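Trainee: Attaching a single structure in structure tokens format; questions to follow.
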């Protein structure tokens, strides 16, 4: 039995995420990650009241393929940065839809953005609660991930915007618990309109499950902030 121990470079804290029943290594360019036997004791200097949990890090529910793809994306270096997945509930108890159930049952993912290239790459694992037809991922779950990917692409490229239009093209079904490579990029900017395209692919990128195009609008109220 092993524990994942993460040294968070941003906050200077150690934390134990979860115990792994099988030893699966993963790397992280931001936090430094190592595996230690669960029988070993260690201390954390994280405050007990700290709720800054990052849901975009591998855990024992990630498949081997998901961990391997995470490592590949995380090692891109350069301008590529991992996006933090904030798991905290809002003051009113609300949660992001993608965080509304156990992550292993809904979506396990990690996004990496490149502001210079204005694009996103992500590893996404679709859980059992994303089911549509028996054994397959629901079209709405697919659309959700594409919307999130393209929205993040716009926002992390510097365009604070909201979805105005989303067109999804379903090319082949995605089996439940499948690990996928998700990509999104800015195509053009016209005034307050941000045109973004995206795709969900097999891990090797050779086959496409779904593609999408979208228009995001930069509201005037946001542009004045």
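Trainee: Quantify how much of the Cα-Cα distance distribution of the stretch 120-203 extends past 19 Å, in percent.
Mentor: Of the Cα pairs, 37 percent sit more than 19 Å apart.
Trainee: Which ordering of 119, 153, 206 is given by a fewest-first count of other beta-carbon atoms within 10 Å?
Mentor: With the sparsest Cβ surroundings first, the list reads 206, 119, 153.
Trainee: Need one number for the stretch 112-152: average projected area of the convex hull over its C-alpha atoms, nm².
Mentor: On the way: hull surface 12.1 nm².
Across all orientations, the stretch 112-152 yields a mean hull projection of 3.0 nm².
Trainee: Separate question: Quick one: order 75, 104 by neighbouring beta-carbon count within 10 Å, fewest to most.
Mentor: On the way: 75 11, 104 16.
Placing the least packed residue first, the sequence is 75, 104.
Trainee: Still on this structure, please answer the following. Across the Cα atoms of the stretch 186-225, what radius of gyration and what greatest pairwise Cα-Cα distance (Dmax) are found, in Å?
Mentor: For the stretch 186-225, the Cα-based Rg and Dmax read 14.3, 42 Å.
Trainee: Right, next: Among 109, 159, which comes first, then next, by fewest other beta-carbon atoms within 10 Å?
Mentor: Fewest-to-most Cβ neighbours within 10 Å comes out as 159, 109.
Trainee: Compactness ratio of the stretch 77-178: Cα Rg over 2.2 N^0.38 Å, N = residue count?
Mentor: So the stretch 77-178 has a normalised radius of gyration of 1.13.
Bear in mind that the values in this text are calculations on the coordinates, not laboratory data. Please read all numbers here as calculations on a predicted model, not as lab measurements. Quick reminder, even Gly has a Cβ in these numbers, built from the backbone with ideal geometry, and neighbours come from all protein chains shown.
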